[in-house]
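Single-structure report; data block below.
The values are calculated or read from the model by the stated rules, or taken from the named source; none is laboratory data. Nothing here was measured: the structure is a model prediction, and the numbers come from that model. In this analysis, Cβ positions are derived from the backbone assuming ideal geometry, glycine residues included, and neighbour counts consider all displayed protein chains. Calculation scope for accessible area: heavy atoms of the full protein, side chains included, ligands and nucleic acids excluded. Shrake-Rupley method; radii C 1.70, N 1.55, O 1.52, S 1.80 Å.
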Amino acid sequence: MGSSGKTYRDQGIVLRTSPLGEADRVITIFTRAHGKIRAVAKGVRKTTSRFGARLEPFSLVDVQLHQGRTLDVIAQAESLNEYHRTIVAHYEAYTAASAVLETAQALTGEGEADLAQFALLHGAIHAIATGVHKPDLIVNSYILRAMSCSGWQLAIFECAVCGAAGPHEALNVHVGGAVCENCRPPASAVPSVETWQLLGALSQGDWNVAELASLATRRSAGAIIAAYLQWQVEHAVNSLRFVESRLLA
């Protein structure tokens, strides 16, 4: 892991933490220059830890790491933005940000630098923490754009099978999105015009259109996006269930 030297430095968003032994934690961070890394933070579970509170999920940190044989070791950690303090105080923000982190973990491999994915992740967490848009809209826009970066773009404006220009009425997540009449498999869904418009707006970051969507339309688009993500990564992103449940409350 890391660079060719014994130590390296990077900035990243903390994705998750897990206990290791009595005092240590394994910290998973999506970094700007090294992609997703897993590193040990020694002694951070002790109350006397110098930087344990800085290595919380959702936080933007600057870390210095030593290369190790199996896992690298975090030598220093400085907080660049304590997004977690705002996010954990609001349930909707917390569920949305959790879904973003879980999606980022599912879409990225370890040690693979990806500036576009980092920018999308940072932008989504910042937007949720600052409350600039509805949390569910931020999550779904992030998922669509992050999947596109991973080579799994949901076809919205053209047929996923033959590429014929839309708009098309039908959608089938198993073949990649919108389908024309000639390519339409049996049992394809037929989303509303409003749902198609919202999917297009979320994929392009058109917030003027997205913010006008009704609750029912947001639920419909969210269900499609969740199903498509699950189909591609081959497992459910569990945090999305809590985002969806807020729209049903």
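Some points to look at:
- Cα gyration tensor shape of region 103-230, rounded if a/c is under 1.5, else prolate or oblate by comparing a/b with b/c: oblate
- Residues whose amide H lies under 5 Å from that of Arg16, counting only those 5 or more places away or on a different chain, are Thr28; hydrogens are built 1.01 Å from N in the peptide plane.
- For the chain, a Gaussian network of Cα nodes joined below 10 Å ranks Glu211, Glu169, Glu22 by mean-square fluctuation, and the top entry is Glu22.
- Contour excess over end-to-end distance, with Cα ends at Arg246 and Ser214 and 0.36 nm allotted per residue: 10.1 nm
- 5 angstrom amide H check on Ala155, placed H, neighbours 5+ away: Gly177, Ala178
- Taking amide H atoms as placed 1.01 Å from N in the peptide plane, the amide H of Leu80 lies under 5 Å from those of Leu60, Val61, Asp62, each 5 or more residues away in sequence or on another chain.
- Accessible area of Arg16 in the full protein assembly, 1.4 Å probe (Å², nearest 10): 110
- Accessible area of the chain belonging to carbon and sulfur atoms, whole % at 1.4 Å probe: 50
- Förster-model FRET efficiency, 41 Å R0, Ala89 and Ala165, C-beta, rounded to 0.05: 0.35
- Length released on extending from Val190 to Gln204, taking residue separation times 0.36 nm less the Cα-Cα span: 2.9 nm
- Tilt relative to the chain, helix 239-248 - C-alpha long axis, 0 to 90 degrees, to 10: 50
- Surface listing: Asp10, Asp206 arranged by accessible area from highest to lowest gives Asp206, Asp10, probe 1.4 Å.
- Ligands, DNA and RNA are left out, and with a 1.4 angstrom probe the accessible area of region 139-249 is 50 Å² per residue.
- Scalar couplings 3J(HN,Hα) for region 19-27, obtained by applying the Karplus form with A = 6.51, B = -1.76, C = 1.60 to θ = phi - 60°, are x, 9, x, 8, 10, 9, 9, 8, 10 Hz; x denotes Gly and Pro.
- Listed values for region 126-139 are Karplus-derived 3J(HN,Hα) couplings in whole Hz (6.51 cos²θ - 1.76 cosθ + 1.60, θ = phi - 60°), namely 5, 5, 5, 5, 8, x, 6, 9, 4, x, 5, 5, 4, 4, and x replaces Gly and Pro.
- If you sort Val233, Val161 by accessible surface, 1.4 Å probe, largest first, the order is Val161, Val233.
- Our coupling estimate for region 172-177, obtained by passing each phi through the Karplus curve with A = 6.51, B = -1.76, C = 1.60 and θ = phi - 60°, is 9, 5, 6, 10, x, x Hz, Gly and Pro reported as x.
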